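> Sharing a structure here in structure tokens format.
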């Protein structure tokens, strides 16, 4: 009996063996050339990840992939999205002629069903043949139980797709957890195969170990393993920030300018025991600096958006910051963690529709998945997470935006070190994408007949069959 239970346990933790890709059944006419290439590859792969920058059409690509899976298997597919993005996804489906509906109406029939990550526990994985995770990097924001629940939900599914704009800079563990969710190497196996841990007895299962606000990278590549690592990643993932990363034309994807302005406010009083303001060093000092300068920073941020008459987003990190800004800006609405899911959705829709001019929100709540091209102004405080900073900006500065986007960074005179860390992480992210694109391009060749153009450079994997 014990052996039987253990066998069941092992089977439950195992992945579905084999490849299950197929040639696409239908081509959606709304797909651009590079989007069609990505959908074709994902279908042929069966279990894949698309790391495409904000505004590259991930929603259309993931719905086109799901539509092909439904047509190929005549079974339902579940699409998981961040809160409030579900309704947006369903609307996108209607726009592009892909029938998509809320999973609240699921009755076992074939089709594409959409729900948010928080409601996953309401569904039985055996009812679905495939699962699509929209903004999959948001899984890091959930507790370990929720993240594991998503991985377990997809474990036996032959068709899985992860979509996100950017993995965290050089956070190799995130790539490992993505691989594990897709049924390839587990993240611990990935670390053991390609990396070595410099610190004895420091195994935490994470590539980055934060100490005092700085990153100490305990895991480094084994000798000559870096190239093998990126080739392995490219065996199940594709990355692009612009169509030319796949050899296609960039002319239709030119963004307006991003104008970043920095506003340095002087603290009314120095840190206790100091005569003058000094740069805050380390996580403890930076947190104290944030609290100590809260009033000055919030008043500056509020003044920048209060009288413009135009839509604006104020990104905050502390409840006290959000409360103070909300009080200072007439008509502003705040989306907070204490709001119910329905209340959050209602406020998101009020801002997107123009009923509310200014929205005050934390990046952890609203920085993923939402399309706010109607807004071209935001204020931000200094934050530790480059990914949250990048995603927050991309809610407005994305394809479809018609105006220059202004980002007002409000910082105290002691927060310079945080901004320097942000610059380093930006460079790390650029390197990560450059590595992915470099090895991806090595498997590409020119096919002047594909997609009816003589300018397209088409991947060799797109021209081959399984």
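> Yes or no: segment 59-75 includes at least one residue that is out of contact with any strand residue (DSSP E or B) (no Cβ under 6 Å at 6 or more places or on another chain) and more than 21 Å from residue 41 (Cβ to Cβ).
Yes; the residues of segment 59-75 include at least one that is out of contact with any strand residue (DSSP E or B) (no Cβ under 6 Å at 6 or more places or on another chain) and more than 21 Å from residue 41 (Cβ to Cβ).
> Follow-up. In segment 388-418, how many are closer than 22 Å to residue 165 by Cα and not in a loop (DSSP other than H, G, I, E, B)?
Within segment 388-418, residues that are closer than 22 Å to residue 165 by Cα and not in a loop (DSSP other than H, G, I, E, B) number 10.
> Output the residues belonging to segment 19-39 that are touching a strand residue (DSSP E or B) at 6+ places or on another chain (Cβ under 7 Å) and either farther than 15 Å from residue 50 by Cα or surrounded by fewer than 20 Cβ atoms within 10 Å (Cβ to Cβ) (or both).
Hit for segment 19-39 is 20, nothing else.
> So residue 404 fits all but one of (1) crowded, with 20+ Cβ neighbours inside 10 Å; (2) more than 22 Å from residue 348 (Cα to Cα); (3) in the same structural domain as residue 331 (by TED's automatic domain parsing); what number is the exception?
Result: residue 404 fails condition (1) only.
Yes/no matrix, rows are residues, columns are (1) at pLDDT 85 or above; (2) out of contact with any helix residue (DSSP H, G or I) (no Cβ under 8 Å at 6 or more places or on another chain); (3) at positive phi; (4) outside any helix (DSSP H, G or I):
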position: 206; (1), (2), (3), (4): no, no, no, yes
position: 209; (1), (2), (3), (4): no, yes, no, yes
position: 216; (1), (2), (3), (4): no, yes, no, yes
position: 227; (1), (2), (3), (4): no, no, no, no
position: 230; (1), (2), (3), (4): no, no, no, no
position: 233; (1), (2), (3), (4): yes, no, no, no
position: 239; (1), (2), (3), (4): no, no, no, yes
position: 244; (1), (2), (3), (4): yes, yes, no, no
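> Kindly establish whether residue 196 is assigned to a strand (DSSP E or B), surrounded by fewer than 20 Cβ atoms within 10 Å (Cβ to Cβ) and modelled with pLDDT of 90 or more.
So residue 196 fails the test.
> Looking at segment 283-299, is at least one residue in a loop (DSSP other than H, G, I, E, B), surrounded by fewer than 18 Cβ atoms within 10 Å (Cβ to Cβ) and either modelled with pLDDT of 75 or more or out of contact with any helix residue (DSSP H, G or I) (no Cβ under 7 Å at 6 or more places or on another chain) (or both)? So that I can check it myself, show each step before the final result.
Going through segment 283-299, the residues in a loop (DSSP other than H, G, I, E, B) turn out to be 293.
Filter once more, so that each one left must be surrounded by fewer than 18 Cβ atoms within 10 Å (Cβ to Cβ): none.
The answer is no, given that none of the residues of segment 283-299 is in a loop (DSSP other than H, G, I, E, B), surrounded by fewer than 18 Cβ atoms within 10 Å (Cβ to Cβ) and either modelled with pLDDT of 75 or more or out of contact with any helix residue (DSSP H, G or I) (no Cβ under 7 Å at 6 or more places or on another chain) (or both).
> Select from segment 246-266 the residues that are within 19 Å of residue 397 (Cβ to Cβ) and not in a strand (DSSP E or B) and write down the one among them that is farthest from the chain's Cα centre (by Cα).
251
> Still on this structure, I have one more. Taking segment 328-364, which residues are under 30 Å from residue 427 (Cβ atoms) and at pLDDT 90 or above?
Of everything in segment 328-364, those that are under 30 Å from residue 427 (Cβ atoms) and at pLDDT 90 or above turn out to be 361, 362, 363.
> Right, next: Does segment 341-387 hold any residues that are in a loop (DSSP other than H, G, I, E, B) and over 18 Å from residue 308 (Cβ atoms), and which are they? Even if it seems obvious, please write down each step before you answer.
Narrowing segment 341-387 to residues in a loop (DSSP other than H, G, I, E, B): 354-357, 362, 367-376, 382-385.
Once the filter is applied, which keeps residues that are in a loop (DSSP other than H, G, I, E, B) and over 18 Å from residue 308 (Cβ atoms), segment 341-387 yields 362, 367, 368, 369, 370, 371, 382, 383, 384, 385.
The values are calculated or read from the model by the stated rules, or taken from the named source; none is laboratory data. What you see is a predicted model, and the numbers here were worked out from it, not measured in a lab. Neighbour counts are summed over all protein chains in view; Cβ atoms, including those assigned to glycine, are modelled from backbone coordinates with ideal geometry.
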